[in-house]
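For reference, the structure discussed in these notes is given below.
Derivation of every value follows stated rules applied to the coordinates shown; laboratory data play no part. This one's a predicted model, so the numbers in the text were calculated from it and none came from an experiment. Neighbour counts run over all protein chains shown; Cβ positions are idealised from the backbone, glycine included.
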Amino acid sequence: MARPSAENDRVTSFASSTAFRNALKSRQTSGVHVRVLGTARSESTGADTAGSLDETIGTAKGQVLTTQANFVRVLVNPATLSVQEKRVRLKQIESARMRALEAGQSCSVPDDLDLEAPVEVLCTVRALLKKMKQRVLVGDRVSMTGLDWVDHRGMVEDVAERDSEYPYPAIANVGNVLLVFAIAQPEPEVKALTRFLVAAEAAGLPFTLAFNKSDLVLLPPSLTALACSMRM
C-alpha cells in the first residue's frame, strides 16, 4: 500500500536536512575510527607475536665441514652460544621430551645428552646468498637461523669475511696447506703437483710437501737414514 503524499514529503525533507547529513557524517567517521583502532591493535598483536617467536627461533654460528649441492654441514661449538641461544636450545630439547612423554613414545634426544659437546647441523643455504652469488665453502664461518636443535637442521643466512681461500679444492680460512703425494705406485703427477704448489703460492699460504710409500723404492743410504729419523 502506497504511503500518503504528506508522509513522503516528511521523509524527503528529513533526508535532505542538516541533521541527517550530520548523523551520516558522524557514522562514517566512527566507522573509520573503529577500523583504525582495529589496525593498530592488530599491528600491536603482530609485534608481540614476533617478539615471542624470536624467543623460540634457534640461531648460532659455526664452521662449515662439508658442502654438497644446496646442503652444508656445519660444526657448532656450544661454548660459543650466547645466553639467549643456549636458552632457546634447552627449551626446544625440553619441549621435545615433553611431547614424547605425553605421546608415550621415546624421544630422539638422549637423556644423557652432553650439552657442551660439539654439534653437527645440516643446513640449507639462504636463497638470497645464491642471488648475490655468495658461495659457501668448506671452512667458512657462517651464521645460522631457524635451528632445530632436536633434528639438527637449520639455514645458513650469512657468511663471515674470509681470512684466506685456497682454490684447489675451494676451501676458506686455510692456515697451512699439506700436500701428500705417493712417491711410487702410482708415481707422482708433476702437473698436478705443480698446480697445487702454484695455487698455494698465489694464495699466499704456507705449505708442506710430503711423500709417502718411501718403502716401495730403493733410496740411497743417506735418504733412508733421514726417512727413518723422521718417522721417530
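Here residue 193 and residue 86 are evaluated by their C-beta separation; at R0 = 45 Å the FRET efficiency comes out at 0.45. A protection proxy built from the mean count of other Cβ atoms within 10 Å ranks the segments 118-124, 185-191, most packed first, as 118-124, 185-191. Electrostatic bookkeeping for residue 171 treats Lys and Arg as +1 and Asp and Glu as -1; over the other residues with beta carbon under 14 Å from its beta carbon, the sum is 0.
Taking the empirical scaling 2.2 N^0.38 Å for compact globular proteins as reference, the stretch 132-184 has a Cα radius of gyration ratio of 1.53. Taking a straight line from the alpha carbon of residue 86, these lysines sit under 17 Å away, with near neighbours fewer than eight places off in the same chain left out: 61. Full extension of the chain segment joining residue 182 with residue 70 gains 37.0 nm, where the gain is 0.36 nm per residue of separation less the Cα-Cα distance. Placing dummy labels 7 Å off each Cα toward the beta-carbon, the span from residue 158 to residue 216 is 4.9 nm. Close amide H pairs (under 5 Å, H built 1.01 Å from N) link residue 158 with 143, residues at least 5 positions away or on another chain. Backbone phi angles across the stretch 129-144, fed through the Karplus curve with coefficients 6.51, -1.76 and 1.60 (θ = phi - 60°), yield HN-Hα couplings of 5, 5, 4, 7, 6, 8, 7, 9, 10, 4, x, 5, 8, 10, 10, 10 Hz in residue order; Gly and Pro are listed as x. The Cβ shell under 15 Å around residue 136 holds other residues with a net charge of +4, Lys and Arg each +1, Asp and Glu each -1.
Phi angles of the stretch 176-187 translate, via the Karplus equation with coefficients 6.51, -1.76, 1.60 and θ = phi - 60°, into HN-Hα couplings of 7, 9, 10, 10, 10, 10, 7, 7, 7, 6, x, 6 Hz per residue; Gly and Pro are given as x. Maximal additional length on extending the residue 135-residue 117 stretch stands at 3.7 nm, based on 0.36 nm per residue less the C-alpha distance.
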